[in-house]
Amino acid sequence: MFTRIGRFFRAVFNSILGEAENQVPLAMLEESTREMLDNLRSLREATATTIAFETKAKREQDMHNARIKNLERQAEEALKQGNEKLARRALQLQVEARATAERAVATYKASKARADNARGKLKVEEERIQGKIRQLGELKARSRRTGSPRWTPSPSPKARSWTASSPPSRRRPKWTRRWRR
């Protein structure tokens, strides 16, 4: 009789342990997904900062190009009015503006490369997270569909194995059958 009671408690303990082990992958995957989503937020912020820097560099490049055109127009207008000194000054400023514009172009190219790289990393990370979320959804659906068994087979070969379809609560022990006759 004590053997049967011991076997029962071993089966219950093993089923509880088995259910806990079956739930661990789901919990680990959920935690991993949460961490990835937190990292995605910071990656999006960094990408937004990089894109803002790219936009600023593009605006500066356009501003320098507009200044060069404006100085060229002023130099031509000064020559038409016969003011050679003013035309030379406008051309000197135009040369300085071209040097500044070249630096602005280099800055814009570098910032555009960084922004494109950040966009690519963000896209890859988003795809990775979508895959994890899909995997998590599939695992949750599978666990809901199959359901976790209330009683799992005992590792002991002598112990009786119970399954979800025939838990011990649905079968009356032999001693109750004898007494009810």
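The values are calculated or read from the model by the stated rules, or taken from the named source; none is laboratory data. Note that the coordinates shown come from a computational prediction; the quantities given were computed from them, not determined experimentally. All Cβ positions, even for glycine, are placed from backbone atoms using ideal geometry, and neighbour counts span all protein chains on display.
Quick check, is Glu31 under 30 Å from Leu122 (Cβ atoms) and at pLDDT below 90?
Values: under 30 Å from Leu122 (Cβ atoms): yes; at pLDDT below 90: yes.
It is true that Glu31 is under 30 Å from Leu122 (Cβ atoms) and at pLDDT below 90.
When you look at Ala57, is it buried (at least 16 other Cβ atoms within 10 Å of the Cβ) and touching a residue at least 12 places away in the same chain (Cβ under 8 Å), yes or no? Let's see the steps before the verdict.
Numbers: buried (at least 16 other Cβ atoms within 10 Å of the Cβ): yes; touching a residue at least 12 places away in the same chain (Cβ under 8 Å): yes.
When the stated conditions are applied, Ala57 passes them.
In the stretch 73-84, is there at least one residue being surrounded by 13 or more Cβ atoms within 10 Å (Cβ to Cβ), under 49 Å from the mean Cα position of the chain (by Cα) and of a type in the set (D, E, K, R)?
Taking every residue of the stretch 73-84 in turn, none turns out to be surrounded by 13 or more Cβ atoms within 10 Å (Cβ to Cβ), under 49 Å from the mean Cα position of the chain (by Cα) and of a type in the set (D, E, K, R).
Is the stretch 104-124 home to any residue that is among the charged types (D, E, K, R) and modelled with pLDDT under 90? Before the answer, list the steps.
Restricting attention to the stretch 104-124, the residues satisfying the condition of being among the charged types (D, E, K, R) are 109, 112, 114, 116, 119, 121, 123.
Pick out the ones that are also modelled with pLDDT under 90 and you get none.
For the stretch 104-124, residues among the charged types (D, E, K, R) and modelled with pLDDT under 90: absent.
Quick check on my filter: what residues within the stretch 97-118 are among the polar types (S, T, N, Q) and within 26 Å of the chain's Cα centre (by Cα)?
Of the stretch 97-118, the ones among the polar types (S, T, N, Q) are 100, 107, 111, 117.
Once the filter is applied, which keeps residues that are among the polar types (S, T, N, Q) and within 26 Å of the chain's Cα centre (by Cα), the stretch 97-118 yields Ser111, Asn117.
Which of the residues spanning the stretch 17-50 are more than 19 Å from the chain's Cα centre (by Cα) and either of a type in the set (S, T, N, Q) or surrounded by 13 or more Cβ atoms within 10 Å (Cβ to Cβ) (or both)?
Hits for the stretch 17-50 are Gly18, Glu19, Asn22, Gln23.
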